[in-house]
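What follows draws every value from the coordinates through simple rules; no lab data is involved. All values derive from a computational prediction rather than experimental measurement. Here the Cβ is made from the backbone with ideal geometry for all residues, glycine too, and neighbour counts use every protein chain on show.
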Amino acid sequence: MHFVRGTLVAAITLLLVNLAYSAKAEGRTRVLCLSAYDDEFFYFAASVQKPNLVGRNVKIFSDPIADDAVAVFLQTEDSPQMTKRTDKSVELAVSAAGGSQLYRGTGAVPLKDYSDLLKGPGGIPIPFKYRTTTTGRLNAPGDAKTGYVVEMAIPWIEFGGPPKTGQRMKMNVVAFSAVQSSDGEVADLAAIAAAARAHGALTVVDATQAAGWLPLAAGRFDAVVVSGYKWLLSPRGTAYLSLSEALLDRDARHTQVG
C-alpha cells in the first residue's frame with residue numbers, strides 16, 4: 001500500500017499474497033483481511049486458515065516472525081516510489097501463538113519493553129494493541145483443521161499523527177514463498193504475479209523450498225531470493241538473488257561479499 005507525498009506507505013507481506021491464490025487453494029490455505037482507521041489507530045484484522053500451524057512466541061516484545069505470523073508494515077514516504085526504510089517505518093508482527101513485536105526505523109529495531117512506547121498528551125504511553133484467537137492445535141504436524149485470527153491496532157503517534165484528508169493508500173510489495181516448507185503447498189505463481197501487476201505492486205519471491213525441483217521463471221517477478229542449502233544441496237550461507245531490470249534501475253547496488 002502506498003501514499004504519495006508525506007503520506008502513508010504500507011506493505012502487507014504475507015496476507016495479500018495468500019489472498020491472491022486462496023480461491024484455488026482447495027480449502028488448504030485461505031486468508032481474509034480487513035482494515036480501518038480512526039484518529040488514533042490504524043486497525044488491521046486477518047483470518048488465516050492454514051494447516052500445520054507453527055507458533056512458540058507467546059509474549060509481547062518477543063520474536064513473532066519466527067512463527068506463523070501476520071506482519072503489517074507502514075511507512076511515511078515523500079516519494080511515490082518507496083525504495084528503503086526510513087525513520088518513520090513501523091512494522092507490527094503478531095504470532096499465531098500470541099506473541100508480538102513492533103519494529104521501528106531504518107534498522108527495524110524491536111522494542112525492548114513498555115518503556116520504548118511513545119508518549120501522548122500528558123506523558124501517557126500509547127501502546128499498540130493486538131489479540132490472537134487460534135483454532136486447532138499449534139505445532140501438531142498433520143493437523144489440517146487449524147487457523148487463527150489476528151486483530152491489531154497501530155497508533156498514529158508512531159508516524160507523528162493520523163493521515164490528512166486527500167492522502168492515498170495502495171499496496172506496493174507482495175512477498176511470499178513459492179513453496180511452503182511446513183506442508184509443501186505450492187503457491188499459484190501466475191495468479192499472484194497477475195494480481196500484483198494489476199495493482200502496480202512489486203513481487204518478492206522466496207524460492208528456497210522450490211529451487212532445484214520446481215521450474216520457476218525468475219523473470220516473472222521483481223526479486224527472487226534463494227537460500228541454497230535445501231534442494232540445491234549447497235552449504236549453509238550460500239544464497240542467490242535475481243532482480244528484474246526495473247528493480248535494478250530503481251535502487252539496486254552491486255555488492256560482493258566474501
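Some observations on this one:
- Cross-link partners for K129 among the lysines, with Cα-Cα distance under 17 Å and sequence neighbours closer than 8 places in the same chain left out: K59, K112, K119.
- Under 24 Å from K145, Cα to Cα: lysines that are on another chain or at least 8 residues apart: K24, K50
- Each Cα pair under 8 Å and six or more residues apart adds its separation to the average, and for the stretch 173-251 the resulting relative contact order is 24 percent.
- Cα-projected label distance for K129 with A198, points at 7 Å along beta-carbon direction, nm: 3.4
- At q = 0.10, 0.24, 0.26 Å⁻¹, base-10 log of I(q)/I(0) for the stretch 173-251 (Debye sum, equal scatterers on each alpha carbon): -0.23, -1.17, -1.29
- Neighbours of P125 by Cβ distance under 14 Å: Lys/Arg scored +1, Asp/Glu scored -1, total -1.
- Here the extension length gained between V109 and A66 equals 13.9 nm, from 0.36 nm per residue of separation less the Cα-Cα distance.
- Gyration tensor (alpha-carbon) shape descriptor, the stretch 140-195, a/c threshold 1.5: oblate
- For S177, the amide hydrogen comes within under 5 Å of the amide hydrogens of D206, counting only partners 5 or more places away or on other chains and with H modelled in the peptide plane.
- Here the Karplus relation 6.51 cos²θ - 1.76 cosθ + 1.60, evaluated at θ = phi - 60°, turns the backbone of the stretch 216-228 into coupling constants of 9, 7, 4, x, 7, 10, 6, 8, 10, 10, 9, 9, x Hz, with x for every Gly and Pro.
- Taking 0.36 nm per residue of separation and subtracting the current Cα-Cα distance, fully stretching the chain between T165 and L214 would add 13.0 nm.
- Selection from V224, A191, Y130, by position along the positive dipole direction of the stretch 117-245 (Cβ): Y130
- Tensor-based shape of the stretch 109-210 (alpha-carbon gyration tensor, a/c under 1.5 rounded, otherwise prolate or oblate): oblate
- Label sites at D38 and R56, each approximated as a point 7 angstrom past Cα along Cα to Cβ, lie 3.9 nm apart.
- If the segment from N139 to V186 were pulled out straight at 0.36 nm per residue, it would be longer than the present Cα-Cα gap by 14.9 nm.
- Ignoring aspartates and glutamates fewer than eight residues from K88 along the same chain, the ones with Cα atoms less than 20 angstrom from its Cα are D38, D39, E40, E77, D78, D113, D116, E158, D251.
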